[in-house]
Amino acid sequence: MPNVPKAPEPAPTRSWYPVVGLSWLIPGGGHFLLKRPGRGGLLAACVVLMFLLGLMMRGAMFQPQTGDILTTIIYCGGFVGDLASGLLYLLSIWLGYAQPDMAGHVHDYGTKFLVAAGLLNVLAMVDAYEIAIGKKD
Amino acid sequence: MPKMNLTHFEASVLFALFSSVVLGVITKRTDAERLRYGLRCFGYFVAALIGLGWLMYLGHG
């Protein structure tokens, strides 16, 4: 029987549910689970620092509201963005953080930082998902 | 939790910094590529920030 060279085996994959779930709950956690501590640490540091800066600037958390299309997009989208920070969002709500929406550029930046922290965590979740399914090394 | 007061410029640069690090980390394959891409993103953010700042200043009259 001739020696036929074998095709390279695909990278081992694992179930992505716990990875993505942990990534959402603890920023960078999915990368730690996948044994990528460097990437996970950098992503965690960025998301946590951005969220903490948002809190220190007294940004407001969005509550879902409906009405005209713009209100629905802004408030429901903002709520999803806040929620994407996972445990950071849940802890701050459970510990009683309830900043009303106030005028002023610092508060405004704070609100955006809080949402952006969640959106950066979504990017980290997508990255962890792609590593878990073997699409990325 | 201490309260923080930042200028527009400081807040925007911090935003650019964290976003660039995340974009660099998740998009490229090697560390050198990640560093280059992160720095390039940060440069674009700051260039857009300064450009838009001047545009608003000049447009304000």
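Below is a table of values for the structure above.
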item	result
Number of positions in the range A:20-43 that are within 11 Å of chain B (Cβ to nearest Cβ), free of Cβ contacts under 8 Å to residues at least 40 places away in the same chain and either under 19 Å from B:Met1 (Cβ atoms) or of a type in the set (A, V, I, L, M, F, W, C) (or both)	1
One residue from A:Phe62, A:Phe32, A:Phe113 being within 13 Å of the chain's Cα centre (by Cα) and aromatic (Phe, Trp, Tyr)	A:Phe113
Filter result for A:Gly118 (over 16 Å from the mean Cα position of the chain (by Cα) and more than 9 Å from chain B (Cβ to nearest Cβ))	no
Any hit, the range B:48-60, residues being touching a Leu at 6+ places or on another chain (Cβ under 6 Å), surrounded by 12 or more Cβ atoms within 10 Å (Cβ to Cβ) and of a type outside the set (Phe, Trp, Tyr)	no
Candidate set: the range A:46-59, residues that are more than 12 Å from the chain's Cα centre (by Cα) and aliphatic (A, V, I, L, M); chosen: the one farthest from A:Gly110 (Cα to Cα)	A:Leu49
Residue pairs meeting the criteria (Cβ under 7 Å; at least 6 apart or on separate chains; first among the β-branched types (Val, Ile, Thr), in the range A:56-72; second surrounded by fewer than 12 Cβ atoms within 10 Å (Cβ to Cβ))	A:Thr72/A:Thr66
Search result, residues across the range A:104-128 that are at pLDDT 95 or above and aromatic (Phe, Trp, Tyr)	A:Phe113
Every residue from the range A:93-115 that is closer than 24 Å to B:His8 by Cβ and more than 10 Å from chain B (Cβ to nearest Cβ)	A:Gln99, A:Pro100, A:Asp101, A:Met102, A:Ala103, A:His107, A:Thr111, A:Leu114, A:Val115
Residues (without any contact (Cβ under 8 Å) to a residue 24 or more places away in the chain and among the acidic types (Asp, Glu)) located in the range A:110-136	A:Glu130
Residue that is nearest to A:Gly118 (Cα to Cα), among those in the range A:73-94 that are touching a residue at least 40 places away in the same chain (Cβ under 8 Å) and of a type in the set (A, V, I, L, M)	A:Ala84
Single unsatisfied condition, B:Pro2 versus (1) assigned to a helix (DSSP H, G or I); (2) over 18 Å from the mean Cα position of the chain (by Cα)	(1)
Output for the range A:81-101, where each listed residue is of a type outside the set (Ser, Thr, Tyr), farther than 24 Å from B:Ala16 by Cα and either outside any helix (DSSP H, G or I) or under 16 Å from the mean Cα position of the chain (by Cα) (or both)	A:Leu90, A:Leu91, A:Leu95, A:Gly96, A:Ala98, A:Gln99, A:Pro100
Filtered residue count, the range B:16-34, keeping only those that are modelled with pLDDT under 95 and surrounded by fewer than 19 Cβ atoms within 10 Å (Cβ to Cβ)	7
Residues of the range A:62-92 satisfying the condition of being within 17 Å of A:Pro27 (Cβ to Cβ) and away from chain B (no Cβ under 14 Å)	A:Val80, A:Asp82, A:Leu83, A:Gly86, A:Leu87, A:Tyr89, A:Leu90
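The values are calculated or read from the model by the stated rules, or taken from the named source; none is laboratory data. Everything numeric here is computed off the predicted structure, so don't read it as measured data. Cβ atoms come from the backbone with ideal geometry, glycine included; neighbour counts cover every protein chain shown.
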